[in-house]
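Student: To start, I am sharing the structure in question, which I have written as C-alpha cells.
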Amino acid sequence: MPYIHVVCGDSAGGSLRHALAQVGRSDQIIVLRDDLAIGPLVGIDDSCEARARFWQQVAPRGDIDFTIEMQRVLDKLAVLQRDDADVVIWHGPCASDQLLLRRVVFHLRRSPHRLHEVAMDVRELVGTPQSELASLAMYPLERLAPHFFSMEPIALPRLGRLCDEWRQSIAANADMRLWKDGELVSAAYRMVDTVIVQHTLPEWQRASRVVGDVMGSIEGVLASDGFIFWRCLALVEAGELALRGHAALMRSCELRRHPA
C-alpha cells in the first residue's frame, strides 16, 4: 500500500527518503519548507503573502523567492487534500515539527481515515540529548527506518485537539511558538533578544560566535543562525548592540554590547 509521507524541511526529507529506501519503500515524500515556529501565522492558510514578507525580512539577501516558496507550500497542501492516499506525518519533539503536524491534520480533517503519524522520541537520538528538543532531521537513518512499521493512525479525539491547537496558534499570531513540556507556548521576539544581549560582551566579538552561543541557549525552540542574526541586526537598529564590518554577512562583522 503506497503512502504519502510529510515532513518539515529539506534535511528531514532527505533523511526520510534514505531511511525508507532501507526498508524497501519508494513512497512519495512531501517536504513543506516553512519553519512555523517563528513569524506571523495570521492568514497563513489563505495567502502566502504574510509569510513571504516575513522570510524576506529574515533573509533579504538570498536568492530565494519567498512568495514562490510559500505558495508552493499551499499548493502541496491542496494536492494532499485532493489525493486519496494515506498520509503519514513524521515529527520530532520541537515546535516546527509539531506545528507542521497540526497544520496538515487541519487541512485533512475531513479525511480522518487517511491520517497517520510517526512520533519520534528525543531519547532515540545518538548520544546524550543536549535538550528536550529534536527535529526529525536530527535522527540517524537507522533510527528512522524501523518507524515505518510503527506508524499509528490519528484517533478522532486527538485529531480534534490538533485542529483546535492549530486554530489557536493562528489566532494568537505570536512572534514565536515554543515547544515546552509537550505543549505549544506563545512567545515574543524579546525572549530571544534578551538571550542575545546576555551573550554579547562589551568587547567586540565575531557575530558568528555570538550567534553560535545563542543557538544553544534558547529554551523551547530550535532557532536557526539566520533567524538569530536577524534579531541581532534588529538590536543594532534599536541601539542595544553595536556592529562593525559588513552587516549583510554574519561572518564579516562583529558585535558588542554598549557599555553600561
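Student: Rounded to the nearest 5, what is the percent of antiparallel bridges among the DSSP beta bridges in the chain? Before the final figure, lay out each step's value.
Tutor: Values: 15 of 29 bridges.
Bridges in the chain are about 50 percent antiparallel.
Student: Which angle from 0 to 90°, rounded to the nearest 10, does the C-alpha axis of helix 49-58 make with the longest principal axis of the chain?
Tutor: Between the helix axis and the principal axis of the chain, the angle is about 40 degrees.
Student: So if I take the centroid of the Cα atoms in the range 41-69 and the same for the range 189-260, what is the distance between those two points in Å?
Tutor: 23
Student: Evaluate the range 3-172: find the radius of gyration of its Cα atoms, find its Kirkwood radius, and give the ratio Rg to Rh.
Tutor: Working: Rg = 15.8 Å, Rh = 16.5 Å.
Taking Rg over the Kirkwood Rh, I get 0.95.
Student: For q = 0.33 Å⁻¹, what log10 I(q)/I(0) does the range 166-211 give under the Debye formula with an equal point scatterer on each alpha carbon and no solvent?
Tutor: -1.16
Student: Spelling out what I want: for every residue of the range 79-87, take phi, set θ = phi - 60°, compute 6.51 cos²θ - 1.76 cosθ + 1.60 (Karplus), and round to whole Hz; glycine and proline get x.
Tutor: Rounded to whole hertz, the list is 4, 4, 5, 6, 6, 10, 6, 5, 10.
Student: Sorting 218, 4, 68, 38 on the 10 Å Cβ count, fewest up front, what's the list? Kindly include the intermediate steps, with their values, before the conclusion.
Tutor: Details: 218 21, 4 17, 68 10, 38 25.
Ranking 218, 4, 68, 38 by Cβ neighbours within 10 Å, fewest first, gives 68, 4, 218, 38.
Student: Hey, with R₀ at 30 Å, roughly what FRET efficiency would residue 56 and residue 119 work out to, going by the Cβ-Cβ distance, to 0.05?
Tutor: Values: r = 33 Å, r/R0 = 1.10.
The value I calculate is 0.35.
Student: Residues with amide H under 5 Å of residue 87's amide H, sequence separation 5 or more or different chain, H placed in the peptide plane at 1.01 Å from N; which?
Tutor: Residues meeting the criterion, in which the H sits 1.01 Å from N, are 4, 115, 116.
Student: With a cut-off of 8 Å between alpha carbons and a minimum separation of six or more residues, what is the relative contact order of the chain in percent? Let's see the in-between values first.
Tutor: Working: 420 pairs, mean separation 48.2, N = 260.
With pairs under 8 Å counted, the relative contact order is 19 percent.
Student: For the range 72-228, what mean projected area does the convex hull of the alpha carbons give, in nm²? Let's see the in-between values first.
Tutor: Details: hull surface 44.2 nm².
It is 11.1 nm².
Student: So, how do all the Cα-to-Cα distances of the range 55-138 break down into 5 Å bins, in percent, from 0 on up?
Tutor: The distribution over the range 55-138 is 3, 12, 18, 16, 17, 15, 12, 6, 0, given as percents.
Student: How do 67, 200 rank when sorted from fewest to most other Cβ atoms within 10 Å of their own Cβ?
Tutor: Working: 67 15, 200 24.
Starting with the residue having the fewest Cβ neighbours, the order is 67, 200.
Student: Let me ask another. Quick one: which residues, 5+ away or cross-chain, put their amide H under 5 Å from the amide H of residue 28? H built at 1.01 Å from N.
Tutor: Counting only residues 5 or more places away or on other chains, the set is 3, 5.
Student: If you put +1 on each Lys and Arg Cβ and -1 on each Asp and Glu Cβ, how big is the dipole of the chain around its Cα centre, in Debye rounded to 20? Could the numbers behind the result be given before it?
Tutor: Working: 29 positive and 34 negative charges, 39 e Å.
The dipole magnitude comes to about 180 debye.
Student: Residue by residue through the range 208-225, what is 3J(HN,Hα) from phi via Karplus (6.51 cos²θ - 1.76 cosθ + 1.60, θ = phi - 60°)? Round to whole Hz and write x for glycine and proline.
Tutor: Here the 3J(HN,Hα) series is 5, 5, 4, 4, x, 5, 5, 3, x, 10, 9, 7, x, 8, 8, 7, 7, 5 Hz.
Student: Using just the alpha carbons, could you tell me how many Å³ per residue the convex hull of the range 188-257 encloses? Provide the component values of the computation, followed by the final result.
Tutor: Values: hull volume 5.0 nm³, N = 70.
Convex hull volume per residue, Cα atoms: 71 Å³.
Where a number appears in this text, it was derived from the coordinates with a stated rule and is not lab data. These numbers were taken from a predicted model, which means no experiment stands behind them. Virtual Cβ from ideal backbone geometry, glycine too; neighbours counted across all protein chains shown.
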